[in-house]
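Visitor: The structure under discussion is supplied below as structure tokens; questions concerning it will follow.
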């Protein structure tokens, strides 16, 4: 872990980049544009201009956003020089790939179109490690090498392996690794954020289980450990006539009244998409809090989260415009930028 003072120069560079983030007014202009082509042109006013010049088709917006995020990842690598920070920010993409590779191995499907290049590990090396059951990852990826070895051993013993079980198992391993990294980083900001991410992931599991009419036995094997919510409250959500205690506990966790509100709505209505929105709202609040710091790791994390949120918003807008979704419906999906 680096000291906060080590991030003074990085903070200065982040402040410059913050000014290039797409703003709320420009997102509105994209939404109100007459067609997808006009919406895409708005990006030329921001730090997507170079990538936009390489593509002429509206359908290429996904390539533009992916390359932009790769540039952001490389920026973090350049200014932070801390593999743990990169792991905390980008390992979700490694686990996304790991899910794809495991499903390809055990269910004989081709998911190559879904591979991500935004993780910390070369996708092809990880795919080789899974398919051939060999330790082909770099020495710096000891944690992930151990996880892949465990995954392959455990899945080989599973008599009724399903894609859902693959997702659930790897989500548990992902958050366990995220917490391990957070403890190595030794930042209360990062550690608290990790625990709340676990709570939100568990809320998603609860809502999905309710929608599928599953019992708590199903839920208990899928819950992720070491969040902020007491374990007994998850059981009470299923067993009690009222959800008041559970909702009150969840409401106390978050720094945003809006996140609290959406979480309550999601659990009461069993609406899976509202939990997804709560995830994004929480990241926006994390970004807001991190940006307030004078300097330090938090400022860099805040910028990366803001960039991720901006790109998700652009993706929602472009997808909506191409599929002729109404402007009002698109606006409902957008997460307010910091």
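Visitor: Would you mention how many residues in the range 247-262 are touching a helix residue (DSSP H, G or I) at 6+ places or on another chain (Cβ under 8 Å) and either at pLDDT 75 or above or on the phi > 0 side of the Ramachandran plot (or both)?
Guide: Qualifying residue count for the region: 4.
Visitor: Continuing with the same structure: Of the residues 89, 111, which single one is without any contact (Cβ under 8 Å) to a residue 24 or more places away in the chain and in contact with a helix residue (DSSP H, G or I) (Cβ under 6 Å, 6 or more places away or on another chain)? Working first, answer last.
Guide: Working: 89 fails: without any contact (Cβ under 8 Å) to a residue 24 or more places away in the chain.
Every option except 111 fails the conditions.
Visitor: What is the number of the single condition among (1) without any contact (Cβ under 8 Å) to a residue 40 or more places away in the chain; (2) part of a loop (DSSP other than H, G, I, E, B) that residue 205 does not meet?
Guide: All conditions are met except number (2).
Visitor: Let me ask something else about it. From the list 301, 314, pick out the single residue that is closer than 30 Å to residue 84 by Cβ, under 14 Å from the mean Cα position of the chain (by Cα) and crowded, with 18+ Cβ neighbours inside 10 Å.
Guide: On the way: 314 fails: under 14 Å from the mean Cα position of the chain (by Cα).
After ruling out the rest, the residue left standing is 301.
Visitor: If you don't mind, there's one more thing I want to ask. Only residues that are surrounded by fewer than 20 Cβ atoms within 10 Å (Cβ to Cβ), at pLDDT 90 or above and within 19 Å of residue 277 (Cβ to Cβ): list them for the range 188-210, please.
Guide: Passing the criteria: none in range.
Visitor: Continuing with this model, one more query. Taking the stated definitions as given, is residue 244 surrounded by fewer than 19 Cβ atoms within 10 Å (Cβ to Cβ), out of contact with any strand residue (DSSP E or B) (no Cβ under 6 Å at 6 or more places or on another chain) and at pLDDT 90 or above? Let's see the steps before the verdict.
Guide: On the way: surrounded by fewer than 19 Cβ atoms within 10 Å (Cβ to Cβ): yes; out of contact with any strand residue (DSSP E or B) (no Cβ under 6 Å at 6 or more places or on another chain): yes; at pLDDT 90 or above: no.
No.
Visitor: State all residues of the range 114-139 that are out of contact with any helix residue (DSSP H, G or I) (no Cβ under 8 Å at 6 or more places or on another chain) and part of a helix (DSSP H, G or I); if no residue qualifies, say none.
Guide: Listed by number, the residues that qualify are 124, 125, 128, 139.
Visitor: Return the only residue of 81, 63 being over 16 Å from the mean Cα position of the chain (by Cα) and farther than 30 Å from residue 149 by Cβ. It would help to see each step written out before you state the result.
Guide: Numbers: 81 fails: farther than 30 Å from residue 149 by Cβ.
Only one candidate qualifies: 63.
Visitor: Now, a different point. Tell me which residues, restricted to the range 317-337, are touching a residue at least 60 places away in the same chain (Cβ under 8 Å) and either under 20 Å from residue 87 (Cβ atoms) or assigned to a loop (DSSP other than H, G, I, E, B) (or both).
Guide: Within the range 317-337, 334, 336, 337 meet the criteria.
Visitor: Pick from 213, 226: which is modelled with pLDDT of 80 or more, at positive phi and more than 23 Å from the chain's Cα centre (by Cα)? Let's see the steps before the verdict.
Guide: Working: 226 fails: more than 23 Å from the chain's Cα centre (by Cα).
Answer to the check: 213.
Visitor: Could you look through the range 229-241, keep only residues that are surrounded by fewer than 16 Cβ atoms within 10 Å (Cβ to Cβ) and at pLDDT 75 or above, and pick out the one that is farthest from residue 275 (Cα to Cα)? Can you show your working first?
Guide: Quick first cut of the range 229-241, residues surrounded by fewer than 16 Cβ atoms within 10 Å (Cβ to Cβ) only: 230-232, 235, 239-241.
Those left that are additionally at pLDDT 75 or above: 230-232, 235.
Working: 230: 19, 231: 19, 232: 21, 235: 19 Å.
Ranking the candidates gives 232 first.
Visitor: With respect to residue 6, is the statement that it is surrounded by 14 or more Cβ atoms within 10 Å (Cβ to Cβ), more than 21 Å from the chain's Cα centre (by Cα) and assigned to a helix (DSSP H, G or I) true? Please lay out each step first, then the result.
Guide: Working: surrounded by 14 or more Cβ atoms within 10 Å (Cβ to Cβ): yes; more than 21 Å from the chain's Cα centre (by Cα): yes; assigned to a helix (DSSP H, G or I): yes.
In short, yes.
Visitor: On the basis of being more than 19 Å from the chain's Cα centre (by Cα), surrounded by 13 or more Cβ atoms within 10 Å (Cβ to Cβ) and farther than 21 Å from residue 311 by Cα, does residue 105 make the cut?
Guide: Details: more than 19 Å from the chain's Cα centre (by Cα): yes; surrounded by 13 or more Cβ atoms within 10 Å (Cβ to Cβ): yes; farther than 21 Å from residue 311 by Cα: yes.
So residue 105 passes the test.
Visitor: What do you reckon, is residue 62 in a helix (DSSP H, G or I) and touching a residue at least 24 places away in the same chain (Cβ under 8 Å)?
Guide: Numbers: in a helix (DSSP H, G or I): yes; touching a residue at least 24 places away in the same chain (Cβ under 8 Å): yes.
When the stated conditions are applied, residue 62 passes them.
Visitor: Check residue 295 against each of (1) assigned to a helix (DSSP H, G or I); (2) touching a residue at least 60 places away in the same chain (Cβ under 8 Å) and name the one condition it does not meet.
Guide: Answer for residue 295: the failing condition is (1).
Visitor: Sticking with this one: Among the residues of the range 50-64, are any buried (at least 19 other Cβ atoms within 10 Å of the Cβ), in contact with a helix residue (DSSP H, G or I) (Cβ under 6 Å, 6 or more places away or on another chain) and within 16 Å of residue 312 (Cβ to Cβ)?
Guide: yes
Visitor: Still on this structure, I have one more. Considering only the range 140-174, how many residues are in a helix (DSSP H, G or I), over 25 Å from residue 194 (Cα atoms) and either free of Cβ contacts under 8 Å to residues at least 12 places away in the same chain or in contact with a strand residue (DSSP E or B) (Cβ under 9 Å, 6 or more places away or on another chain) (or both)?
Guide: Matching residues across the range 140-174 total 3.
Visitor: Which residue out of 77, 21 is surrounded by fewer than 16 Cβ atoms within 10 Å (Cβ to Cβ) and either touching a residue at least 24 places away in the same chain (Cβ under 8 Å) or in a helix (DSSP H, G or I) (or both)?
Guide: Values: 21 fails: surrounded by fewer than 16 Cβ atoms within 10 Å (Cβ to Cβ).
Selected residue: 77, the only one of 77, 21 that is surrounded by fewer than 16 Cβ atoms within 10 Å (Cβ to Cβ) and either touching a residue at least 24 places away in the same chain (Cβ under 8 Å) or in a helix (DSSP H, G or I) (or both).
The values are calculated or read from the model by the stated rules, or taken from the named source; none is laboratory data. Treat the numbers as computed from the prediction; the structure is a model and nothing was measured. Here Cβ is always computed from backbone atoms with ideal geometry, including for glycine, and neighbour counts include all displayed protein chains.
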